[in-house]
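Working notes, beginning with the structure itself.
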Amino acid sequence: DGKLHADVAFYYMQIRNQQLSVMSPETNFGRIMVNAGKSHTMGFELSLRGRAFDDRLDWFCNLGALKAQFDEYDGYDGNSIPFVPSATYALGANYRMDCFSVGADLTGQGYTEWNEANTFGQKAYVLLGAHVGYDFGSWNIKLWGRNLTDTKYNTFAVESKAAGQPLRFAQRGNPLQLGIDLNVHF
């Protein structure tokens, strides 16, 4: 009766002429695209969503897991392809009572390699979010929070030898965020 929806996918891809963004070997300033030879990726994705308690509770669960590795690339055969997380996941629910709603979610990703040599990467992490809202009819208000545990993580990282020694640079993920949304309907 529309209370549960499920999607599942399995995949396997073989790639020739894999393109990869790397630090410029001549200067180590800036990035260039190179042909990384052959690679393959295999994995699965599962998505579930549903309703319960007289359609007052909406929930979802998503999970993806994959293995992406080089088959032929300058001595890195068998290494994981950088910038590809080993897993992604999300779980959440929202409960409505008349005009009031409350919800929470968890999102995250598995280990991610940041270079072809697989010598440094990002550990798995999970982010917690929550919201509470009230619908007044012609307008509504929602208080929300993201990364409520203030988890430290990187969204991107590179290694450069521009200064003569390897230096690692990273872009940090968003810290704890709190906000208010106010919507007015005309």
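The values are calculated or read from the model by the stated rules, or taken from the named source; none is laboratory data. As the structure is a computational prediction, the values presented were derived from the model and not from experiment. Every residue, glycine as well, gets a Cβ built from its backbone with ideal geometry; the counts of neighbours run over all protein chains shown. With ligands, DNA and RNA removed, areas are computed over all heavy atoms of the protein, side chains included. Shrake-Rupley method; radii C 1.70, N 1.55, O 1.52, S 1.80 Å.
Brief remarks follow.
- Which listed residue is touching an Asp or Glu at 6+ places or on another chain (Cβ under 7 Å) and more than 26 Å from HIS40 (Cβ to Cβ), from LEU91, LEU148: LEU91
- If you go through the stretch 109-135 and keep only what is surrounded by 13 or more Cβ atoms within 10 Å (Cβ to Cβ) and of a type in the set (Val, Ile, Thr), you end up with THR112, VAL126, VAL132.
- Flag if LEU178 is loosely packed, with under 15 Cβ neighbours inside 10 Å and at pLDDT below 95: no
- Pair list, Cβ < 7 Å and 6+ apart or interchain, from the stretch 79-108 residues that are open to solvent by 50 Å² or more (accessible area, probe 1.4 Å) to residues that are in a strand (DSSP E or B) and of a type in the set (Asp, Glu): LEU91/ASP105; CYS99/ASP135
- The lone criterion from (1) touching a Ser or Thr at 6+ places or on another chain (Cβ under 9 Å); (2) closer than 30 Å to SER24 by Cβ left unmet by LYS152 is number (1).
- Checking each residue in the stretch 35-67 for being touching a strand residue (DSSP E or B) at 6+ places or on another chain (Cβ under 7 Å), hydrophobic (A, V, I, L, M, F, W, C) and not in a strand (DSSP E or B) picks out only ALA36.
- Close contacts from the stretch 123-148, counting a first residue that is aromatic (Phe, Trp, Tyr) and a second that is surrounded by fewer than 17 Cβ atoms within 10 Å (Cβ to Cβ) and assigned to a strand (DSSP E or B), with Cβ to Cβ under 6 Å and a gap of 6+ residues or different chains, come to TYR134/PHE100; TYR134/ILE141; TRP139/VAL184; TRP144/GLY179.
- ASP1 meets the conditions (1) surrounded by 10 or more Cβ atoms within 10 Å (Cβ to Cβ); (2) outside any strand (DSSP E or B) in every case but one. The failed one is (1).
- Whichever residue in the stretch 136-171 is open to solvent by 90 Å² or more (accessible area, probe 1.4 Å), modelled with pLDDT under 95 and in contact with a strand residue (DSSP E or B) (Cβ under 7 Å, 6 or more places away or on another chain) and, among such residues, is nearest to GLY92 (Cα to Cα): GLN171
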